[in-house]
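Here the structure comes first, spelled out in structure tokens, and everything after it is commentary.
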Ligand code: IPD
């Protein structure tokens, strides 16, 4: 088996193990341990438990690799590969009992110095898995080897006009970020078929790959939100733009769609300056 095929198999094994834990033990592990960027950006006991399990499975399989997770930051390694993991993408859905949340596991190379925050501007994602435990759906992708949903190759998104596009987006957690995102949304919404906000960036990217959304965009994604999903979308044939244009905060603007729509939606959003934050209240 070549290395990429082995990596995607490990990614899927880790994501399924974490998914089983997260869905089985939800009632006991809902305690909010702390908040991050704002009071609405929470970490549950299960986010931490799921990340510990992911680190254990990945380290057992490949002790030389680094692992970079949403909740624990970096665990260094000396190998070429870094695993970028989100133990629960869609934590707010999970907290409320909504069935849509996912475990995201990506293997990337060129992530930067061991132990530091991996940089999407330099990394190449080589294998990835996004697993939705409640539905059991599992998206996988290998660089150069296509993307699959439960083993079936994905068609990718259709190249439709803006007015026919079902567009997914997401929102950050600070009031300043949300005010800026609302401004962009107010300009996009009248021009498209409709807008969806699932609360799970990795699944939004997989939805583009599957043809369930025509496009997805969001400002302010973190590495663990997009590492696996962006590879799935790109390998299904979507253009994934913006991930290499990180802003000074190290966050990214991401847009995924078929090439023509990516251009049209990207031009529209760029004209609105999606990187402009509202000033913080005095
Ligand atoms: C969040 C989700 C959400 C997106 C946010 C992310 P989390 O991740 O992916 O859809 O809009 O930007 O932070 O906090 O649930 O892991």
FRET efficiency for residue 272 and residue 39, using Cβ-Cβ distance with R0 set to 30 Å, rounded to 0.05:
0.65
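Given all pairs of different Cα atoms, what value in angstroms does the Kirkwood hydrodynamic radius of region 162-271 take?
By the Kirkwood definition, the hydrodynamic radius is 13.6 Å.
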Calculate how steeply helix 3-24 sits against the longest principal axis of the alpha-carbon atoms of the chain, using the helix alpha-carbon long axis, and give the answer as 0 to 90 degrees to the nearest 10.
90 degrees
Checking rank on 174-186, 11-23, 77-89, with mean other Cβ inside 10 Å and highest first, the result is 77-89, 11-23, 174-186
Taking max minus min of the Cα coordinates of region 117-224 on each principal axis, largest first, gives extents in Å of 38, 36, 30
Go through 212-221, 44-53 and give me the packing order, highest mean Cβ count within 10 Å leading.
212-221, 44-53
Pairwise label distance in nanometres, residue 212 with residue 173, each label 7 Å out on the Cα-Cβ vector
2.4 nm
Quick check: convex hull over the Cα atoms of the chain, volume per residue in Å³, rounded to an integer?
120 Å³
Which order do the peptides 200-211, 256-267 come out in when sorted by mean C-beta neighbours inside 10 angstrom, highest first?
200-211, 256-267
At 0.36 nm per residue, minus the direct Cα-Cα distance, what do residue 2 and residue 193 gain on full extension? Give it in nm, one decimal, please.
64.5 nm
Helix 45-61 axis, angle to the chain major axis (alpha carbon atoms, nearest 10°)
60 degrees
Over the chain, calculate the relative contact order: mean separation of alpha carbon pairs under 8 Å at least 6 apart, over the residue count, as a percent.
17 percent
Find, to one decimal place in angstroms, the Kirkwood hydrodynamic radius of region 1-139, where the mean of 1/r is taken over every pair of different Cα atoms and then inverted.
15.0 Å
Among region 17-31, those whose backbone N falls under 13 Å of a label point 7 Å along Cα→Cβ from residue 61 are 17-19
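Each reported figure results from applying straightforward, stated rules to the coordinates on display, with no laboratory input. Just so it is clear, the structure is predicted and the values come from calculations on it, not from any experiment. With ideal geometry, Cβ positions are generated from the backbone for all residues, glycine too; neighbour counts draw on all protein chains shown.
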